[in-house]
Every structure is written in structure tokens, then in C-alpha cells.
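A short reminder: the numbers here are calculations on the coordinates, not readings from a lab. It should be emphasised that the depicted structure is a prediction, and the values quoted were computed from it without experimental measurement. In this analysis, Cβ positions are derived from the backbone assuming ideal geometry, glycine residues included, and neighbour counts consider all displayed protein chains.
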Amino acid sequence: MTVLELGLVGKPNTGKTTFFNAVTLANAPVAGYPFTTIDANVGVTYVRSKCPCREFNVVCNPQNSKCFNGVRHVPVRIIDVAGLVEGAHMGRGLGNRFLDNLRMAGALIHIVDASGGTDAEGRPCPPGTHDPLQDIDFLEVEIAMWIRGILAKDWPRFARRAKYEKLDLVKEISSRLSGLGVRTAHVAEAFKLAAVDHSDPERWSDDDLLRFVTELRKVSKPIMIAANKSDVPTAESNIERLKSRGYLVVPTCSEAELILRRAAEKGIIDYRPGDSEFKVLKPELLNEQQKMALEKISALLKKFGSTGVQQVIDRAVYELLKLIVVYPVDDEHKLTDKNGNVLPDAFLVRRGTTAREFAYTIHTDLGESFLYAIDARTKRRLGEDYQLKDGDVIKIVSSRGR
């Protein structure tokens, strides 16, 4: 099973690494100056899904995920890279290393200082004095230019060969960019959106190429906004402005989330990521400063409903990438695998995935020998073209399994 990867991007000092530490409970270094992160931090977080165990009235035994009170937590790989500054695609700052670390990210979470308290270079400035919309514009340009640089290498020779040998341009370009996680479906969609000449790439201008890679970035590495430092008064109006640009925007306070998760880890409070409240279990372990901090966080949760951090992960997976969760089993009656584990695995797959495609996801041999699938709820047979739904519990029947 390939674990989905999300990339955390943004300029220095916006709270990227605090966000990373909060969702992974790691201890990556955090400081109030640019380029604290030099080498990428890689960890695992989880996306939440309703576990079928309650519906079927069984006690599940997850093998590739976790279940807490009927909520399945499916693992997602997350990478926090060095802060991006303007000119990164030409190597400025830590740009080359930053961009290379994002090669296989399926989606990008742009951590923006919504308070306007960090300038273009990542240096602290008075809240409200920097426009966070500028950060969005330059980051998208940098990533598009990075992809353009990879595709443009030997472009005249490639374009000439593609034209005169009548190559399938969609397949050829997706092959050239496969190291970035670009699929043929991405390239085909980018062609439609960019409206470039499909038949004669030799005639593409620099503007044509840039327009194409801009659309390709949008479909292959979509971006959402984590509007961080949302508790600062100057952030509120900026968050509305960010939303008006058409982005998926979630107000976040990663510092508050990190405090809550650390306290929960130590058993001081009862808190589940994404909750709108918490309960203090051991007040005697808190000093006055810590009590005040938790009171402030409690007020923030009442205002926003959550710290927003877990919601960012959930919405990146379900809304930005349009994935669903499917549960494969070997016994549709007992909901077990061959070893007797109940509802053992949870797979994240693209919406629209068919039963046969899902079989290939589990194992190539299973896809090639696919006969039909069985819906564990209805016990009905499902053909190879059946499109899976979120929460499906499915048994794959193959000729080799008989």
C-alpha cells in the first residue's frame, strides 16, 4: 500500500514546522528566524474517517491504521520542507532542495501567516504590515517555474521528435514528469485547460509552456491554504480576503494544537485532534502560566470550533484530492482478513475508482485475476466497473483465490 504524501510549503517563519510537529507529535526544531528547517522533516499523520465497526457492531482490529471510538485514523505521510523565498526555482535560499523534496507530494498545504506579521523574506514584522495574498502569488509562480524548468530541458529536441514521430504527447510528457507524480490524466486535463496546440509542440511559445505547466501544477499538485496564526486580531480580515480568491482556506492556530496534543500525550488533558473542546484531567500538574494558556486556547476553540489543524489534513484528503476510504476484507460475513483480523485495512483511493482498479491497488495479481467483488453490506456481486463509494467494505474474488 502506497501512503499518500502531503507537502507543507510556505515562506520561512510562518509556523510550518509547528504545524508539522502538531500533526505528527515530532520534535523538529522551531525558531523565530528564517531557515530553521534546512533538511526536510518527514513524518506520519492521520486523516479521520467513520469506521464501519459501529455500524456492523464488531470490535475491529486495524493493521494499517488506528480506530478510536469508531473513528478510523488512516496514515498520511507529510513532509515539511525548507521555507520558500522568491527566486527559489533558480536556487535562491534553499530553493532547489525545497522543490526536490516535493516531487511525490500529492497535494500542497500552504502555511500562510494570516496575521500579516512576517515579511516576504520570512522576517517578523508588525502584524498587519504584510499582505499574505502576496505570499500565495509568489509561491504558485515558483512551483510552476520549477516544473517548467524540468519540462523545458531539451524541449526543442523533444518537441521535434514528438511532432515528426507522431508520438502521443500526453503519454510522453507524463513519462518525462513521472518523477513528480504526474499521471497521464493530469497531463490530459492540463491540455484542455491551457488550450495549447496539441499537434505541434514545436510552435509552443514560452508563454504557452508556462500556461501549460501552470494548469498542470493545479491538477497534479493542488494547493490549499492553512491560514495560520488565526488567533491574532489582524488575521480575521485577511482570512476573508484569502477565501475571496477562490482557495480552500482553513483558519488554523498550530501553536495551540501543539500545546493540546503534547498535554494529551502526557495525560494532562483529554483531547482528540479536531475536537472543539478538551477536559483537564490533572490540574495539579499545571502551573499558573500553563492554566492561563489553556484558558486562552479554550476561548479560541469556542470562537473557531477547533484549532483547524486536523481539519486541514482531513479537507486536503477528502476535498482537495477527492479521495475516499475503502475497507477490503477476505470474508464478507465475518469482515476479516485471512488471519482473522476484523476490518484490518483502510485504503485511501481516488473517487471514481472501480472494483478492478481497487484490486490492482491491493496487488497486481489480484487485479489481473479479478472476477468480481462482493459488497459486505448487501452481499451483492459487483462487476469490475462498479465505482467504489466512501466507506465501502469490499471482498475481491479472483480466479487465483478459488
Checklist entry - What residue among Ala346, Leu285, Asn13 has its Cα farthest toward the positive end of the dipole of the chain, where the charges are +1 on Lys, Arg and -1 on Asp, Glu, each on the Cβ? => result Ala346
Item to check | Gained length - Ser237 relative to Ser399, 0.36 nm times residue gap less alpha-carbon distance | outcome: 52.3 nm
Checklist entry - Straight-line reach from Lys171: which aspartates and glutamates have a Cα under 13 Å away, not including same-chain ones fewer than 8 places off? => result Glu189
Checklist entry - Are there any helices in the chain, counted as whole DSSP H runs, that stretch 27 Å or more along their axis by Cα and score at least 0.0 on average by Kyte-Doolittle, and if so which? => result 132-152
Checklist entry - When the Cα centres of region 163-226 and region 3-19 are compared, how far apart do they sit, in Å? => result 26 Å
Next on the checklist: I'd like the projected area of the chain, averaged over all directions, using the convex hull of its alpha carbons. Report it in nm² with one decimal.
Outcome noted: 22.4 nm²
Item to check | Anchor Lys266: lysines whose Cα lies under 20 Å away (excluding residues fewer than 8 positions away in-chain) | outcome: Lys66, Lys279, Lys282, Lys291, Lys296
Checklist entry - What full-extension length gain, to one decimal in nm, is calculated for His363 and Leu167 as 0.36 nm per residue of separation minus the Cα-Cα distance? => result 67.5 nm
Item to check | Whole-Hz ³J(HN,Hα) from phi, Karplus 6.51 cos²θ - 1.76 cosθ + 1.60, for region 110-127, glycine and proline x | outcome: 8, 7, 10, 6, 5, 6, x, x, 9, 6, 4, 8, x, 8, x, 9, x, x
Next on the checklist: For region 253-304, compute the orientation-averaged projected area of the C-alpha convex hull (one quarter of its surface), in nm².
Outcome noted: 3.2 nm²
Checklist entry - Hey, if you drop one equal point scatterer on each alpha-carbon of region 327-401 and run the Debye formula without solvent, what base-10 log of I(q)/I(0) do you get at q = 0.15, 0.22 Å⁻¹? => result -0.42, -0.96
Checklist entry - Highest mean first, what order results for 47-55, 227-235 on Cβ atoms within 10 Å? => result 227-235, 47-55
Checklist entry - Taking amide H positions as placed 1.01 Å from N in the peptide plane, with prolines and chain starts having none, which residues 5 or more places from Val71, or on another chain, fall under 5 Å of its amide H? => result Cys51
Next on the checklist: Restricting to Cα pairs below 8 Å that are 6+ residues apart, what does the relative contact order work out to for the chain? Please round to a whole percent.
Outcome noted: 16 percent
Checklist entry - Which of the trypsin sites (Lys or Arg not before Pro) found in region 137-181 are loop residues per DSSP with 14 or fewer other Cβ atoms within 10 Å of their Cβ? => result Lys153, Lys166
Next on the checklist: Could you tell me the relative contact order of region 327-401? Use alpha-carbon pairs under 8 Å, at least six residues apart, and round to a whole percent.
Outcome noted: 34 percent
Checklist outcome for this item: Ranked output for segments 262-273, 304-315, 135-146 by mean other Cβ atoms within 10 Å, highest leading, reads 304-315, 135-146, 262-273
Checklist outcome for this item: Note, Gln310: beta-carbon cut-off 11 Å, +1 each Lys/Arg, -1 each Asp/Glu, net +1
Item to check | Label-to-label distance, nm, for residues given as Arg183 and Arg157 (7 Å Cα→Cβ offset) | outcome: 3.1 nm
Checklist entry - Along the Cα-to-C-beta direction of Phe56, a point sits 7 Å from the Cα; which residues of region 382-401 have their amide N less than 11 Å from that point? => result 392-395
Checklist entry - About its Cα centre, how strong a charge dipole does region 327-401 have in debye, to the nearest 20, once Lys and Arg get +1 and Asp and Glu get -1 at the Cβ? => result 220 debye
Next on the checklist: Suppose every Lys and Arg Cβ carries +1 and every Asp and Glu Cβ carries -1, with no other charges. What dipole size does the chain come out with about its Cα centre, to the nearest 20 debye?
Outcome noted: 880 debye
Checklist entry - Put a dot 7 Å past each Cα toward the Cβ at Leu286 and Arg377; how far apart are the dots in nm? => result 4.1 nm
